[in-house]
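Visitor: First, the structure itself, so that you have it in front of you.
The values are calculated or read from the model by the stated rules, or taken from the named source; none is laboratory data. Please read all numbers here as calculations on a predicted model, not as lab measurements. When we count neighbours, we look across all protein chains shown, and the Cβ atoms used for this are built from the backbone with ideal geometry, even at glycine. With ligands, DNA and RNA removed, areas are computed over all heavy atoms of the protein, side chains included. Shrake-Rupley method; radii C 1.70, N 1.55, O 1.52, S 1.80 Å.
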2 protein chains.
Amino acid sequence: MSSTSKYLSASERRAVTVEAVIALAAEQNPSQITTAAIAERMGLTQGAIFRHFPNKEAILEAVMGWVSERLISRIEKALAGEPSPLAALQGMFMAHAGFITEHPGIPHLLFEELQRAGETAPKRMVLTLVQRYEERIKRLLEKGKACGELDPELNSKAAATLFLGMIQGLVMQSLIVGDVNHIRRNASKVYAVYERGIRSAS
Amino acid sequence: MSSTSKYLSASERRAVTVEAVIALAAEQNPSQITTAAIAERMGLTQGAIFRHFPNKEAILEAVMGWVSERLISRIEKALAGEPSPLAALQGMFMAHAGFITEHPGIPHLLFEELQRAGETAPKRMVLTLVQRYEERIKRLLEKGKACGELDPELNSKAAATLFLGMIQGLVMQSLIVGDVNHIRRNASKVYAVYERGIRSAS
DNA sequence: TCAAAGATAGTCATCAATTACTATCTTTGC
DNA sequence: GCAAAGATAGTAATTGATGACTATCTTTGA
């Protein structure tokens, strides 16, 4: 329990490391996150990190695993309660907005990883995460069309792209304003415009 | 004209340098763009770059200047011909999509700069560019509401955020697919969903 | 011919990774 | 029960690679 004890078990230390990276990503460009900075954040020396990870890429891999797991479970939980596809979609969006307000570094990490050249393990993990996420949105949209809630003419793929873009737009906006809470405060307003674009003519 | 001459005038060399950076940004993470890589792309030695720029930040500054100028002028040109606010907005979007399809590295550069910690000159340039751009969209949206083309209930700020997010979404999509032309191919489909979200009920 | 552009060969700082050593837990044999 | 032995976590110093930047020499073209 004594999370302030200097000596942590390997698995605890790995978990703390992942959290340190996510916290740092909220404050600075992910490419500027050095192993020394991660160690300092944990009150550890730089070399100690390599007792728990073979190399820096493995840290990133662990971070992406953490993000995938948490984000997916949070989204699914938000979806579970909602009765209609349209309500589920909104719940999904608000859950996502809440998640990145709590962990504003995450979208930066994902985007950074996506634009990396070459094929790294963490990049592949981001790719599958985003693709799975997109599939989930598309399925929901198709269901919405089927039950008459959404415009039958709607292009689901385009609408899914816009859904993800909506989040990116809010993140960018929060970077400009310099306040992460901007995301949660404005999420529903932006979503309202989106919903108007996809729902059936009534 | 002899663009293959090794010896260029200072201003020509600066222009070529900016283009080299933008080309490199399309292939790799902007933070991985080294002065050595820029030099190699131009067929120059690394040290020679510092004959024309006092430091690396100055190169980034020049790049941001180039982007601001070109993007703004291209957008304004697209706007000029269009009669109605709604048509102007669409023209603006398609012009932007075309611009980043030609220079796919640019959104990466801008986003990278936005999430940089601290206050650098290039970051300030990106901030003012995005803010000016956003203002332009909002004005157009207000005009559209005034002339009855757009939903009078529309939240212009939220719609502007979504407009910018739409571009980010397309960029992300193109990173996933691994093909920049994806942006131009899908721009109009995504825009159709957006337009439905903002236009008047008619 | 000479000033501007480029080449060459460095310096210095930073960063990921390693290594030899130390501190602290945990297990085992009596 | 409890000390010795081993396992595990962390320290501190170092290394090799890399990157921004600089000093000095060489070439070019007007």
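Visitor: Could you go through the stretch A:62-85 and let me know if any residue there is within 16 Å of DNA strand D (Cβ to nearest atom), assigned to a helix (DSSP H, G or I) and within 30 Å of A:Ser9 (Cα to Cα).
Guide: Yes, there is a match, as at least one residue in the stretch A:62-85 is within 16 Å of DNA strand D (Cβ to nearest atom), assigned to a helix (DSSP H, G or I) and within 30 Å of A:Ser9 (Cα to Cα).
Visitor: Looking for something closer than 25 Å to B:Glu19 by Cβ, open to solvent by less than 20 Å² (accessible area, probe 1.4 Å) and over 10 Å from the mean Cα position of the chain (by Cα) - is there at least one such residue anywhere in the stretch B:76-89?
Guide: Within the stretch B:76-89 (the criterion being closer than 25 Å to B:Glu19 by Cβ, open to solvent by less than 20 Å² (accessible area, probe 1.4 Å) and over 10 Å from the mean Cα position of the chain (by Cα)), the answer is no, since none of the residues qualifies.
Visitor: Can you report the number of residues in the stretch B:1-51 which are in contact (Cβ under 8 Å) with a residue 40 or more places away in the chain, within 13 Å of DNA strand D (Cβ to nearest atom) and among the acidic types (Asp, Glu)?
Guide: Total meeting the criteria: 0.
Visitor: Given the criterion within 16 Å of DNA strand C (Cβ to nearest atom), within 26 Å of A:Ala25 (Cβ to Cβ) and either in contact with a Pro (Cβ under 8 Å, 6 or more places away or on another chain) or of a type outside the set (Gly, Ala, Ser) (or both), identify the matching residue among B:Gln28, B:Gln32.
Guide: B:Gln32
Visitor: Within the stretch B:7-26, how many residues are under 15 Å from A:Gln115 (Cβ atoms) and open to solvent by 40 Å² or more (accessible area, probe 1.4 Å)?
Guide: Here the count works out to 1.
Visitor: Hey, another quick one. Of all the residues that make up the stretch A:27-40, how many are surrounded by fewer than 18 Cβ atoms within 10 Å (Cβ to Cβ) and within 14 Å of chain B (Cβ to nearest Cβ)?
Guide: 6
Visitor: Based on this model, can you work out whether B:Lys56 counts as under 19 Å from B:Ala95 (Cα atoms) and open to solvent by 80 Å² or more (accessible area, probe 1.4 Å)?
Guide: No: the conditions fail for B:Lys56.
Visitor: Any residue that is among the polar types (S, T, N, Q) and open to solvent by less than 30 Å² (accessible area, probe 1.4 Å) - is there at least one of those in the stretch A:90-102?
Guide: Yes, the conditions are met somewhere in the stretch A:90-102.
Visitor: Out of the stretch B:41-51, which residues are open to solvent by 50 Å² or more (accessible area, probe 1.4 Å), within 12 Å of DNA strand C (Cβ to nearest atom) and touching a helix residue (DSSP H, G or I) at 6+ places or on another chain (Cβ under 7 Å)?
Guide: Hits for the stretch B:41-51 are B:Thr45, B:Gln46.
Visitor: Which residue is most open to solvent (accessible area, probe 1.4 Å), if the candidates are limited to the stretch B:135-162 and must be part of a helix (DSSP H, G or I) and at the interface with chain A (Cβ under 8 Å from one of its Cβ atoms)?
Guide: B:Lys157
Visitor: Just to be sure, is B:Leu170 more than 7 Å from chain A (Cβ to nearest Cβ), under 15 Å from the mean Cα position of the chain (by Cα) and either crowded, with 19+ Cβ neighbours inside 10 Å or among the aliphatic types (A, V, I, L, M) (or both)?
Guide: No: the conditions fail for B:Leu170.
Visitor: Please state which one of A:Glu112, A:Glu102, A:Glu119, A:Glu134 is farther than 20 Å from A:Ala62 by Cβ and not small (Gly, Ala, Ser).
Guide: Only one candidate qualifies: A:Glu134.
Visitor: Can you find a residue that is in contact with a His (Cβ under 9 Å, 6 or more places away or on another chain), open to solvent by 10 Å² or more (accessible area, probe 1.4 Å) and modelled with pLDDT under 95 anywhere in the stretch A:177-190?
Guide: No, the stretch A:177-190 contains no residue that is in contact with a His (Cβ under 9 Å, 6 or more places away or on another chain), open to solvent by 10 Å² or more (accessible area, probe 1.4 Å) and modelled with pLDDT under 95.
Visitor: May I ask you to verify whether A:Gln115 is of a type outside the set (A, V, I, L, M, F, W, C), within 14 Å of chain B (Cβ to nearest Cβ) and in contact with an Asp or Glu (Cβ under 9 Å, 6 or more places away or on another chain)?
Guide: yes
Visitor: Among the residues of the stretch B:102-110, is any charged (D, E, K, R) and within 14 Å of chain A (Cβ to nearest Cβ)?
Guide: no
Visitor: Inside the stretch A:191-202, can you point out the residues that are more than 7 Å from chain B (Cβ to nearest Cβ) and surrounded by 19 or more Cβ atoms within 10 Å (Cβ to Cβ)?
Guide: A:Tyr191
Here is a yes/no grid of residues against (1) at pLDDT below 95; (2) touching a Pro at 6+ places or on another chain (Cβ under 6 Å); (3) more than 9 Å from DNA strand C (Cβ to nearest atom):
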site: A:Leu8; (1), (2), (3): yes, no, yes
site: A:Glu12; (1), (2), (3): yes, no, yes
site: A:Val21; (1), (2), (3): no, no, yes
site: A:Ile38; (1), (2), (3): no, no, no
site: A:Met64; (1), (2), (3): no, yes, yes
site: A:Ser68; (1), (2), (3): no, no, yes
site: A:Leu71; (1), (2), (3): no, no, yes
site: A:Met92; (1), (2), (3): no, no, yes
